[in-house]
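Student: The structure follows.
None of the figures in this text is laboratory data; all of them are computed from the coordinates on show. This is a predicted model, so every value here is computed, not measured. Note that each Cβ is placed from the backbone with ideal geometry, even for glycine, and that neighbours are counted across all protein chains shown.
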Amino acid sequence: MAALLLAALTLPLVGSASSQDSQNWTHDGEMLKFFQAATRIRELHPDQPPLREIAGEALAGYLASLDAYSRYLDAETYARFRASQQATYAGIGLELGADAEGHIYFIPYPGSPAAEAGLREGQRLLRVDGTEVRGKALFELPALIRGEPGTTVTLDLRNPDGEEERVTIERRSFTAPTLILENYRGIPWMRLFTFTSDTPAEMRRALNRMGADDQLLLDLRGTPGGSMFGAIDAARLFLRPDDVIATVRTGGDTKTYKARGAPAFPTLQIFLLIDERTASAAELFAAALVGNRRALSVGARTLGKGKTQQVVELLDGAAMLLTDGEILSPEGYAIEGLGVEPHLPLVGARPDLAAHLLAIEMMLKAATEEGDGVERDE
């Protein structure tokens, strides 16, 4: 469940309003105009709404108009989120993501309370204890799901056939891995649930333990993102020194991240499995390997979520989830809205792992070593 909290790309960056900010508004004509309007609304409207409510609604509306990811979190919502991060709170072991229409999907971790309750990929999350989740920022959802160990949470789900079901699950402490590595038909298959600061070390240990040195199926289908820096460091395991991983462009700054040092797995032939729910930090990772010709991608175009966010705390306990930058691929294109195109597109409704492997085998059979699109250091 801990990995769920990293669904936004660079979520842990937190700022707060300074005392200087709180004084400057009195000398700003536009801010004084807003205060005048808010005061008159409070005085003249029959409901006499409080200034906090007027300011909050104005911020919520403006942030929502900026882009698809910026949000206003009132003090109560933000307090619930902060409380849900306490060590005494527990979850059910879900990694959450959102598709292009705002539907919430999930991946249950193996052995988690969610998996034991029968939750499975392909279902959508509709409500948590009666609260609708569609359209909510992923940042808000942990506070709805997490709680004291031993308490329960009720989820309303929609199955792929359109039928709804309701499941009640007991919360308990659960350490979620960021990945699993198994042998699938003689080929190492790595399923990545999310990217965290632990992911690069977990990848290295898992691949060394299995002795994977030939081919790897690296499955990013449905991976909603995670830590941007975790994805950058994971890409460094496979890229050559000075290969460009990504460029982050903010309002007044541009920073390029590159591989450094010898790659841990220079000869591994990588096949990336991607789909329309591969998002955010997972897209950064995929673009880095594809853009540097270190992987062949198979599946469907990724979501195209290439923005970074930070949390800005406000004076009254509220907060803003604010978009502050965009991610560029090694080739220099913005991932936002474009995503990563697969070398080998697969059609149909969510083709399974066997279909991906069959397509790869057919492609390799027809391809020459020179034209296979993957570079490996000899």
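Student: Over region 81-170, what number does the Rg to Rh ratio reach, with both radii from the alpha-carbon atoms and Rh per Kirkwood?
Tutor: Numbers: Rg = 12.3 Å, Rh = 13.2 Å.
Ratio of gyration radius to Kirkwood radius for region 81-170: 0.93.
Student: On a C-alpha basis, how far is the centre of region 115-133 from the centre of region 43-72 in Å? Whole number, if you could?
Tutor: 30
Student: Could you size up the charge dipole of the chain around its Cα centre, putting +1 on the beta carbon of Lys and Arg and -1 on that of Asp and Glu, and report it in debye to the nearest 20?
Tutor: Charge dipole, the chain, about its Cα centre: 460 debye, nearest 20.
Student: Can I ask one more? Per-residue counts of other Cβ atoms within 10 Å, averaged by peptide: what ranking do you get for 174-187, 275-288, 249-262, 67-80, highest first?
Tutor: Per-residue Cβ counts within 10 Å, averaged per peptide and sorted highest first, yield 275-288, 67-80, 174-187, 249-262.
Student: What is the helix-to-structure angle for 75-84, meaning the angle in degrees between its Cα long axis and the longest Cα principal axis of the chain, kept from 0 to 90 and rounded to the nearest 10?
Tutor: That helix lies at roughly 40 degrees to the long axis.
Student: Hey, another quick one. For region 337-354, in order, what is each residue's ³J(HN,Hα) by Karplus, 6.51 cos²θ - 1.76 cosθ + 1.60 with θ = phi - 60°, in whole Hz (x at glycine and Pro)?
Tutor: x, 10, x, 10, 7, x, 4, 10, x, 10, 9, x, 7, 6, x, 7, 4, 4
Student: If you count the DSSP beta bridges with both ends in region 179-364, what percent of them are antiparallel, to the nearest 5?
Tutor: Antiparallel bridges make up about 60 percent of those DSSP assigns within region 179-364.
Student: Most exposed first by the Cβ proxy, i.e. fewest other Cβ within 10 Å, how do Tyr109, Tyr89 rank?
Tutor: With the fewest neighbours first, Tyr109, Tyr89 line up as Tyr89, Tyr109.
Student: R0 = 51 Å: FRET efficiency of Leu344 with Asp253, Cβ-based, nearest 0.05?
Tutor: The value I calculate is 0.90.
Student: When DSSP beta bridges are limited to those with both residues in the chain, what percentage is antiparallel, rounded to the nearest 5?
Tutor: 70
Student: Taking amide H positions as placed in the peptide plane 1.01 Å from N, state which residues far from Phe174 in sequence (5 or more) or on other chains have amide H under 5 Å from it.
Tutor: Gly91
Student: Just name one of Leu237, Thr199, Pro177: the one whose Cα is farthest towards the positive end of the charge dipole of region 123-240 (beta-carbon charges, Lys/Arg +1, Asp/Glu -1).
Tutor: So the residue we want is Leu237.
Student: Can you give the helix-only mean residue ellipticity at 222 nm for the chain, where every DSSP H stretch with n ≥ 4 adds -39500 (n - 2.57) and the sum goes over all residues, rounded to the nearest 500 deg cm²/dmol? The partial results should precede the final answer.
Tutor: Working: 10 runs with 102 residues, N = 378.
It lands at -8000 deg cm²/dmol.
Student: Quick one: order Ser227, Ser84, Ser197, Ser65 by neighbouring beta-carbon count within 10 Å, fewest to most.
Tutor: Ordered by Cβ neighbours within 10 Å, fewest first: Ser65, Ser197, Ser84, Ser227.
Student: For the peptides 316-322, 236-242, 50-56, 301-307, what is the packing order when you average, over each peptide's residues, the other Cβ atoms within 10 Å and list the highest mean first?
Tutor: Ranking the peptides 316-322, 236-242, 50-56, 301-307 by packing returns 301-307, 316-322, 236-242, 50-56.
Student: I need the peptides 98-108, 290-300 ranked by packing, meaning the mean over residues of other C-beta atoms within 10 angstrom, with the highest value on top. Let's see the in-between values first.
Tutor: Working: 98-108: 18.5, 290-300: 22.6.
Listed from highest to lowest mean packing, they are 290-300, 98-108.
Student: Additional query: Amide H of Gly222: which non-local residues (sequence gap of 5 or more, or other chain) have their own amide H closer than 5 Å, using H built in the peptide plane?
Tutor: Close amide H contacts, sequence-distant or interchain: Asp275, Arg277, Thr278.
Student: For the chain, what class follows from the C-alpha gyration tensor (a ≥ b ≥ c being the square roots of its eigenvalues): rounded when a/c is under 1.5, otherwise prolate if a/b is larger than b/c, else oblate?
Tutor: Numbers: a/c = 2.20, a/b = 1.56, b/c = 1.41.
Because a/c hits 1.5 or more and a/b exceeds b/c, the chain counts as prolate.
Student: I would also like to ask the following. Once amide H atoms are built 1.01 Å from N in the peptide plane, which residues 5 or more positions from Ser297, or in another chain, come under 5 Å H to H?
Tutor: Leu272, His343, Leu344
Student: Additional query: Which of Trp25, Trp189 has the fewest other C-beta atoms within 10 Å, and how do the rest follow up to the most?
Tutor: Lowest count first: Trp25, Trp189.
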